[in-house]
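Read through the structure below, which is laid out as structure tokens, and then see the notes.
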Amino acid sequence: MAWTRSKLTFGFESFNMATTIHLSPDDNIVVLAGSLKDGEVVRIGNATFGIKGGLGLGHKLACRPIHKGEKIFKYGVPIGSATKDIAAGEHVHLQNMKSDYLPTYTLEAEHQFKKTS
Amino acid sequence: MTPQTLENVWCRPDGRKGIRNTLVIAYLVECAHHVAREIQFHYREQGVHLIGFSGCYPNDYSFRMMTSLCTHPNVGGVLLLSLGCEGFNRHGLRDAIRASGRPCELLVIQQKGGTRSTIQAGRQQVEAILADMATQPRGTMPISELVVGTVCGGSDGTSGITANPGIGRAFDRLVKARATCIFEETGELIGCEQIMAARAVNSELAEVLNASVEKAARYYAVLGHGSFAPGNADGGLTTQEEKSMGAYSKSGSSPISGLIKPGDVPRSGGLYLLDVVPDGEPRFGFPNINDNAEIAELIACGSHVILFSTGRGSVVGSAISPVIKVCANPETYRNLAEDMDVDAGRILEERGTLDEVGDEIVDVVWAVARGQQTASESLGHQEFVLGYKSFEPIGPTCHPTYQ
């Protein structure tokens, strides 16, 4: 697995810590290798993006603009489809992509199961 | 270094060899659970484990599972606890265990005068079986007889990047050493069936592998839920196929030698897929209601040791076979260090490579096989779950490397 690592910038201070992983050259997302706090900035390629509300490691960010209906690629294979247009640097998750196989269920804050389809 | 043999293992009368010498107490219906637990708890520091089947209705799968588990190479002796009126074929199970050469006693609560007197009788039986087990011979096991299973639980966005491919590297090394490696949960292979089937040793097996995932997809579609929990999404996984790609990487890159079902013990070394989804129309609910139901099936297929990958942080162990926890997420590792055996998430913090993690996992397997306790063993974890299922037997196309 060939990884391309990008360095992360916390505010204006640069830390020597790799925090996004581009798992395959075909992927249109990168994976966060460290958690981000509200307002921290991530660099993907040559661009930097602010992250509102923070984000845990393991989550996905678009590394280029993705159109509605386009496949999301991770590990070089499709893992679902975009349900709306996604800007580069945007968090890619339940709110803007879906499975091409089975719906995903999540527990919402009000403790109700929510079906994402 | 890959050893050729493991010394000082337990040699069972049926020829199989174990890395633990466990006395299993098994209740055959929920009504006998309390009595069984009261007997077992007294000896919980002495390698006495509790397993059981809660249902009152008989079921071929659960009978086969209990038989496979009670004659597992890590098991040296068995005490069975029956209420007396349940549907489980207690005499059939006792006879099968005795036929394997293991000491086995059966207590029927309704014939023994009730709770107190059965507990008392049970403790006497345990003392006698433990004494018998202490005299069982030790010997040498070639690595080709070692069986290692893998499962993932509480996956997150790190699992498919660190722990799972780390286990895959470990599996590649173990298969090369001619050990048997088993991966499972066809419902978590939905979306990668074609790339997996291309690794089958022949085209007939490739069709069998493909069909097993198609069966899982149909089964889960009827149930309306995939094998995907809310915590998976909190951890950054969005879809079933994304989780599948991560889970699939546990299998490594060796050719796939066969497909087995719960209770089938592979007859030669190599990499096997365990098909855990029942055959026929969905009948008894979700294929596996939790991780421990999967672990029990891997053990029923002969697994001496289980490699358990976790991102969110599972703390479980298992009855019968030690569970090695490989933690995918470095934040989880710091949070739950006492429950973890391998810090695979260090890859994300550039404190190690995938190959180093794979080598460390193999080294931990050798240490555990030589008697070192895993984190979950030392914490007393002995979880066990067994439910209802139905399977058709596997055919010759499922196991082409064995003639």
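For region B:134-143, state whether one or more residues are of a type in the set (S, T, N, Q) and over 23 Å from residue B:70 (Cβ atoms).
yes
Criterion first (closer than 26 Å to residue B:275 by Cα and at pLDDT 95 or above) does residue B:57 satisfy it?
On the way: closer than 26 Å to residue B:275 by Cα: yes; at pLDDT 95 or above: yes.
Spelling it out, residue B:57 is indeed closer than 26 Å to residue B:275 by Cα and at pLDDT 95 or above.
Residue B:210 meets the conditions (1) open to solvent by 30 Å² or more (accessible area, probe 1.4 Å); (2) within 10 Å of chain A (Cβ to nearest Cβ) in every case but one. The failed one is (2).
If you go through region B:55-78 and keep only what is of a type in the set (Gly, Ala, Ser) and touching a residue at least 60 places away in the same chain (Cβ under 8 Å), you end up with B:55, B:62, B:68, B:76. Residues in region B:295-328 that are out of contact with any Pro (no Cβ under 9 Å at 6 or more places or on another chain) and part of a helix (DSSP H, G or I): B:295, B:299.
Does residue A:89 fit the bill of being open to solvent by 50 Å² or more (accessible area, probe 1.4 Å) and more than 10 Å from chain B (Cβ to nearest Cβ)? Break it down stepwise before answering.
Working: open to solvent by 50 Å² or more (accessible area, probe 1.4 Å): no; more than 10 Å from chain B (Cβ to nearest Cβ): yes.
Taking the combined requirement at face value, the residue does not satisfy it.
Of all residues in region B:185-198, which are buried (at least 18 other Cβ atoms within 10 Å of the Cβ), more than 10 Å from chain A (Cβ to nearest Cβ) and on the phi < 0 side of the Ramachandran plot? Correct list: B:186, B:188, B:189, B:193, B:196, B:197.
Can you tell me which residue is nearest to residue B:169 (Cα to Cα) among those in region B:302-315 that are buried (at least 24 other Cβ atoms within 10 Å of the Cβ) and in contact with an Asp or Glu (Cβ under 7 Å, 6 or more places away or on another chain)? Here the residue is B:311.
Restricting attention to region B:83-91, does a residue exist that is in a helix (DSSP H, G or I) and over 22 Å from the mean Cα position of the chain (by Cα)?
So the first thing to find is which residues in region B:83-91 are in a helix (DSSP H, G or I), and the list is B:90-91.
Going one step further and asking which of them are over 22 Å from the mean Cα position of the chain (by Cα), we end up with B:90-91.
Looking through region B:83-91, at least one residue is in a helix (DSSP H, G or I) and over 22 Å from the mean Cα position of the chain (by Cα).
Taken together, B:170, B:96 contain a single residue that is part of a helix (DSSP H, G or I), buried (at least 21 other Cβ atoms within 10 Å of the Cβ), more than 14 Å from chain A (Cβ to nearest Cβ) and hydrophobic (A, V, I, L, M, F, W, C), which is B:170. Mind checking whether some residue in region B:119-138 is within 20 Å of residue B:21 (Cα to Cα), outside any helix (DSSP H, G or I) and of a type in the set (Lys, Arg)? The answer is yes; a qualifying residue exists.
Pairing each residue of region B:134-146 that is in contact (Cβ under 8 Å) with a residue 40 or more places away in the chain with any residue that is open to solvent by less than 20 Å² (accessible area, probe 1.4 Å), provided the two are 6+ apart or on different chains, yields C-beta distances under 6 Å for B:136/B:76; B:141/B:6; B:141/B:9; B:143/B:179; B:146/B:179; B:146/B:304. Looking at B:343, B:275, which one is touching a Leu at 6+ places or on another chain (Cβ under 6 Å), more than 15 Å from residue B:386 (Cβ to Cβ) and in the same structural domain as residue B:387 (by TED's automatic domain parsing)? B:275 is the lone residue from the list that is touching a Leu at 6+ places or on another chain (Cβ under 6 Å), more than 15 Å from residue B:386 (Cβ to Cβ) and in the same structural domain as residue B:387 (by TED's automatic domain parsing). The residue that is nearest to residue B:395 (Cα to Cα), counting only those in region B:249-267 that are hydroxyl-bearing (Ser, Thr, Tyr) and buried (at least 20 other Cβ atoms within 10 Å of the Cβ), is B:257.
So, in region B:216-249, of the ones that are of a type outside the set (Gly, Ala, Ser) and more than 8 Å from every other protein chain (Cβ to nearest Cβ), which residue ends up farthest from the chain's Cα centre (by Cα)? Write out each step before concluding.
So the first thing to find is which residues in region B:216-249 are of a type outside the set (Gly, Ala, Ser), and the list is B:218-220, B:222-223, B:225, B:228, B:230, B:232, B:234, B:237-243, B:245, B:248.
Keeping just the survivors that are more than 8 Å from every other protein chain (Cβ to nearest Cβ) gives B:218-219, B:222-223, B:232, B:243, B:248.
On the way: B:218: 25, B:219: 22, B:222: 26, B:223: 24, B:232: 22, B:243: 20, B:248: 17 Å.
Result: B:222.
The values are calculated or read from the model by the stated rules, or taken from the named source; none is laboratory data. Just so you know, these numbers come straight off a predicted model, no measurement behind them. Glycine gets a Cβ as well: all are built from the backbone with ideal geometry, and neighbour counts include every protein chain shown. When the accessible area is computed, the model is the full protein with side chains, heavy atoms only, and any ligands, DNA or RNA have been set aside. Shrake-Rupley method; radii C 1.70, N 1.55, O 1.52, S 1.80 Å.
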